[in-house]
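Colleague: Let me begin by handing over the structure; questions about it come next.
The values are calculated or read from the model by the stated rules, or taken from the named source; none is laboratory data. These numbers were taken from a predicted model, which means no experiment stands behind them. Neighbour counts run over all protein chains shown; Cβ positions are idealised from the backbone, glycine included. Please note that ligands, DNA and RNA were not included when accessible areas were found on the heavy atoms of the full protein model with its side chains. Shrake-Rupley method; radii C 1.70, N 1.55, O 1.52, S 1.80 Å.
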Amino acid sequence: MTLTEYIQQLSQDKLLYFALPVFFISMLVEYQFAKDKYHGKDTTVSLLMMVFSAVIEFVPKVLAFVVFFYLHELSPLKDIVGRQWWAWLLLFFADDISYYWFHRLNHEVRLFWAGHVPHHSSIYMNLGTALRQGVGERIHKFFFWLWIPLLGFDPLMMFTMMGVSLIYQFFVHTELVDKLPKPIEFIFNTPSHHRVHHASNIRYLDCNHAGILIIWDRIFGTFSEELKQIDQPVYGLTVNIETFHPVKVATHEYAAIWKDVKRADKWSDKLNYIFNSPGWSHDGEDKRAKVLRKKLKEEEL
């Protein structure tokens with residue numbers, strides 16, 4: 001197919017029209033059972049972040065679709081892969097591991113974290129928080145998927161799979177569901193695993209970056225079990241921003257990076273404030289997640 005034909009097919013995609021009503025109905029149902037998990041201003045900010053991220057993502061998404069198309073055209077596998085059932089299965093795994101590394105580096109590179117942090121800025125864990133998407137991360141997101149069209153997967157397939165993943169992830173943002181049967185908990189991302197991801201407790205920091213499959217966290221050493229009896233998850237940031245101003249929620253970490261860069265004298269320190277993990281400091285306590293978790297483990301021994 002030509003690029004124009006792909007775009008025409010993309011314009012006919014009804015996944016979003018199906019998902020949004022389901023999201024809002026699900027939020028209303030959850031609210032009926034857990035009114036204390038919602039806060040009016042907080043939920044409003046979450047909805048605004050959803051709108052902001054959609055606006056910011058528009059141009060990168062269009063550019064990504066075009067780039068994916070031309071990379072797909074270069075692939076010697078494009079006529080082999082097609083859209084057979086097994087191609088969708090392989091794409092599922094390719095998409096999911098791409099999401100894992102995109103998500104993980106959003107937590108481990110401060111510049112990326114600045115774009116992702118709005119999603120973690122709520123002190124509530126509910127389905128509304130799922131819509132509180134990172135705004136700045138929309139700019140760099142698609143770079144993590146560039147390798148997939150070279151394997152012969154077309155851009156429409158890729159965008160469809162990315163949409164399926166996001167729909168799945170919406171439903172893990174809840175406290176109403178406790179732990180699921182062990183085989184499901186072992187393989188899939190679940191509400192229990194994702195509560196860990198949103199927690200600011202030291203033992204849980206930068207863990208459980210899964211999209212749909214939790215196996216990547218188990219394989220790459222970023223998995224943490226939810227231990228309510230020992231350490232009840234506390235949601236939000238290690239230092240909460242305590243504002244409902246949407247622009248500040250979307251941009252506060254960029255401002256913090258700029259402030260740190262200006263006060264550093266060495267270029268190496270300036271670059272570390274941009275590209276090292278959040279919590280790194282050239283003149284203060286090292287509060288990176290991996291450092292804090294190591295200290296916690298030493299204290300528990």
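Colleague: Do the conditions hold for PHE58, that is, is it at pLDDT below 95 and either open to solvent by 70 Å² or more (accessible area, probe 1.4 Å) or closer than 21 Å to ILE167 by Cα (or both)?
Modeller: Yes, satisfied.
Colleague: Just to check your reading of the model, which residue among HIS107, HIS103, HIS72 is more than 18 Å from the chain's Cα centre (by Cα), of a type outside the set (A, V, I, L, M), open to solvent by less than 60 Å² (accessible area, probe 1.4 Å) and under 30 Å from LEU150 (Cα atoms)?
Modeller: The unique qualifying residue is HIS72.
Colleague: Identify, by number, the condition in (1) touching a residue at least 24 places away in the same chain (Cβ under 8 Å); (2) among the hydrophobic types (A, V, I, L, M, F, W, C); (3) in a helix (DSSP H, G or I) that TRP280 doesn't meet.
Modeller: The single condition TRP280 does not satisfy is (3).
Colleague: In region 75-97, which residues are touching a strand residue (DSSP E or B) at 6+ places or on another chain (Cβ under 7 Å) and open to solvent by 30 Å² or more (accessible area, probe 1.4 Å)?
Modeller: none
Colleague: Tell me which helices (runs of 4 or more DSSP H) are completely within region 102-198 and hold 1 or more residues being in contact (Cβ under 8 Å) with a residue 40 or more places away in the chain, or say none if there are none.
Modeller: Ranges flagged: 110-116, 127-130, 137-140, 155-170, 191-198.
Colleague: Just a yes or no: is a residue in region 216-236 assigned to a helix (DSSP H, G or I), over 27 Å from MET161 (Cβ atoms), open to solvent by 50 Å² or more (accessible area, probe 1.4 Å) and β-branched (Val, Ile, Thr)?
Modeller: no
Colleague: Suppose the filter is free of Cβ contacts under 8 Å to residues at least 24 places away in the same chain and either out of contact with any helix residue (DSSP H, G or I) (no Cβ under 7 Å at 6 or more places or on another chain) or among the aromatic types (Phe, Trp, Tyr) (or both); does THR4 pass it?
Modeller: yes
Colleague: Then there's this: Please state which of the following conditions ASP96 fails to meet, knowing it meets all the rest: (1) outside any helix (DSSP H, G or I); (2) of a type in the set (D, E, K, R); (3) modelled with pLDDT of 95 or more.
Modeller: Condition (1) is where ASP96 drops out.
Colleague: Here is a further query. Please work out if PHE69 is not small (Gly, Ala, Ser) and not in a helix (DSSP H, G or I).
Modeller: no
Colleague: How many of the residues in region 287-301 are closer than 18 Å to ARG104 by Cα and open to solvent by less than 80 Å² (accessible area, probe 1.4 Å)?
Modeller: Matching residues across region 287-301 total 5.
Colleague: Scan region 239-250 and give yes if some residue there is open to solvent by 30 Å² or more (accessible area, probe 1.4 Å), assigned to a helix (DSSP H, G or I) and free of Cβ contacts under 8 Å to residues at least 12 places away in the same chain, otherwise no.
Modeller: Taking every residue of region 239-250 in turn, at least one turns out to be open to solvent by 30 Å² or more (accessible area, probe 1.4 Å), assigned to a helix (DSSP H, G or I) and free of Cβ contacts under 8 Å to residues at least 12 places away in the same chain.
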